[in-house]
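What follows is calculated from the coordinates using simple rules that are stated; it is not laboratory data. Predicted, not measured: the structure shown is a model, and the values here were computed from it. Cβ atoms come from the backbone with ideal geometry, glycine included; neighbour counts cover every protein chain shown.
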Amino acid sequence: MNASAHWIEPFPHGIYVRPADAWIDPSRPVPRALITHGHADHARGGHEAVWATPETLDIINLRYGRYAGKNAVGYGEAVDLNGVRLSFHPAGHVLGSAQIRLEYQGETVVVTGDFKRRPDPSCAPFELVPCDIFITEATFGLPVFRHPPTPEEIAKLLAMLAAHPQGCVLVGAYALGKAQRVIAELRDAGFDDPIYLHGALEKMCALYADHGVDLGELRPVAGTDKSELMGRVILAPPSALADRWSRRLPDPVTAMASGWMRVRARARQRGVELPLIISDHADWDELTQTIRDVAPREVWVTHGREEALLRWCELHQIKARALALVGREDEDDA
Ligand SMILES: [Zn+2]
Ligand SMILES: [Zn+2]
């Protein structure tokens, strides 16, 4: 087979796997959905049947309530859907995140969903899965996006905390993935103090702990004296950074953990004093290295800045195309 796989088709609202009559990460309700991970731009409510990892199904249940038909597929297990062999492989993005591998009539396609390559103590590491067609995200698909080593960013956070013993450091972090990762990275750096949470983060942190991710001692901000919050790390969703809620905190230094913190204007817009470039997406080097490592016949590029990656593929004589999927603007989960 030399043309693009005819059995898998991109539409604006998702990728359709024709023989299985199933959609990957569809943005509207469908009879059969294959879900890469629990972020809202990939996992919507309302599908009749869902195939995902057990962790992702737990996350979906926590966010949307139960699906009627759900099918847990663990990493590395294979399932047959009308002759399409389906399996899930770690994407290293958030707990339960998976690349979906599809095999039909001797041709293999891997859909990364969102992914990253660098170590993350809060989820399983990315697995390299060889394939004919590699469908990759490109959230940070520009050479300007090079994420610094995470320990450097964590060290900045801890230095700021040490410099403000009468205040606190308030870190804006997306509720699924980023918050738990920042906590786990702090623990890896030897930080054992209790970490305080905005109420909107508590359930997801508990879900991670239930799945064996050690987040250490977590305490709610609600009901805690202002004096006890001095010298503490406090986590809140990004939307809470500037609202009334933060007034209860003692002289907070506002930080935010996101790949977008590389862009100074974004940090300024959000009133962020301490930008922490901690991303759950591959940066430019990780994207291009992954394409080299996977060595597919063809690359399809989704969400984000496709052009630079298409050009890079062209220069490296890899056939590539952009998919115009809608609703894939990862603003806060980046
Ligand atoms: Zn995501
Ligand atoms: Zn995404």
> Fully extended, how many nm does the chain gain between residue 77 and residue 158 (0.36 nm per residue separation, minus their Cα-Cα distance)?
Replying inline: 25.1 nm
> For the stretch 127-284, what is Rg from Cα atoms divided by 2.2 N^0.38 Å, rounded to two decimals?
Replying inline: 1.08
> Out of the stretch 66-116, which trypsin sites (Lys or Arg not before Pro) are coil in DSSP terms and have no more than 15 other C-beta atoms within 10 Å?
Replying inline: 66
> Given labels modelled 7 Å from the Cα in the Cβ direction, how far is it in nm from residue 295 to residue 64?
Replying inline: 3.8 nm
> For the stretch 51-152, what relative contact order do you get, as a whole percent, if you take Cα pairs closer than 8 Å and at least 6 residues apart?
Replying inline: 20 percent
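Using just the helices of the chain, give the 222 nm mean residue ellipticity in deg cm²/dmol: DSSP H runs with n ≥ 4 each add -39,500 (n - 2.57), and the total is spread over all residues, rounded to 500. Walk me through the numbers on the way to the answer.
Details: 7 runs with 75 residues, N = 334.
Mean residue ellipticity at 222 nm (helix-derived): -6500 deg cm²/dmol.
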>> Can you give the FRET efficiency to the nearest 0.05 for residue 268 and residue 222, using r as the Cβ-Cβ distance and R₀ = 22 Å?
In response: 0.15
> Can you list the residues of the stretch 263-287 with backbone N under 11 Å from a point 7 Å past the Cα of residue 144, pointing along Cα to Cβ?
Replying inline: 263-266
> Measuring from label point to label point, each 7 Å out along Cα→Cβ, what is the residue 132 to residue 6 span in nm?
Replying inline: 1.2 nm
> For the stretch 124-136, what does the Karplus curve 6.51 cos²θ - 1.76 cosθ + 1.60, with θ = phi - 60°, yield as ³J(HN,Hα) per residue in whole Hz, taken in order and with x for Gly and Pro?
Replying inline: 5, x, 3, 10, 7, 10, x, 6, 7, 10, 10, 9, 10
> Just for the chain, what percent of DSSP beta bridges are antiparallel, to the closest 5?
Replying inline: 35 percent
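Could you calculate the contour length gain from residue 321 to residue 251, that is, 0.36 nm times the residue separation minus the distance between their Cα atoms, to one decimal place in nm? Write out the running numbers ahead of the final one.
Values: separation 70, 0.36 × 70 = 25.20 nm, distance 4.94 nm.
So the chain would gain 20.3 nm between residue 321 and residue 251.
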> Summing Lys, Arg as +1 and Asp, Glu as -1, what charge do residues with Cβ under 12 Å from the Cβ of residue 81 carry, residue 81 excluded?
Replying inline: 0
>> So if I take the alpha carbon set of the chain, get Rg, then get Rh from the Kirkwood formula, what is the Rg over Rh ratio?
In response: 0.99
> How many Å³ per residue does the convex hull of the Cα positions in the stretch 120-162 occupy?
Replying inline: 124 Å³
>> To make sure I understand the rule: partners must be lysines, Cα under 21 Å from the Cα of residue 203, and not fewer than 8 residues away in the same chain. Which ones qualify?
In response: 178
> Which Cα, out of 288, 111, 161, lies furthest along the positive dipole direction of the chain (beta carbon charges, K/R +1, D/E -1)?
Replying inline: 161
> Dipole of the chain, Cα-centred, from +1 at each Lys and Arg C-beta and -1 at each Asp and Glu C-beta, to the nearest 20 debye?
Replying inline: 720 debye
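With all distinct Cα pairs included, what does the Kirkwood hydrodynamic radius of the stretch 1-102 come out to in Å, to one decimal, could you say?
Values: mean 1/r = 0.0737 Å⁻¹.
Evaluated over the stretch 1-102, this radius sits at 13.6 Å.
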> For residue 73, which sequence-distant residues (separation of 5 or more, or a different chain) have an amide H within less than 5 Å of its own amide H, given hydrogens modelled in the peptide plane?
Replying inline: 52, 53
>> For the pairs 70/319; 116/319; 116/156; 156/226, flag any whose C-alpha to C-alpha distance is greater than 31 Å.
In response: 70/319
>> Need one number: nm distance between label points at residue 191 and residue 239, each 7 Å from Cα along Cα→Cβ, rounded to one decimal.
In response: 2.5 nm
>> Which one, 124, 42, 78, projects farthest toward the positive side of the charge dipole computed for the chain from Cβ point charges (K/R +1, D/E -1)?
In response: 42
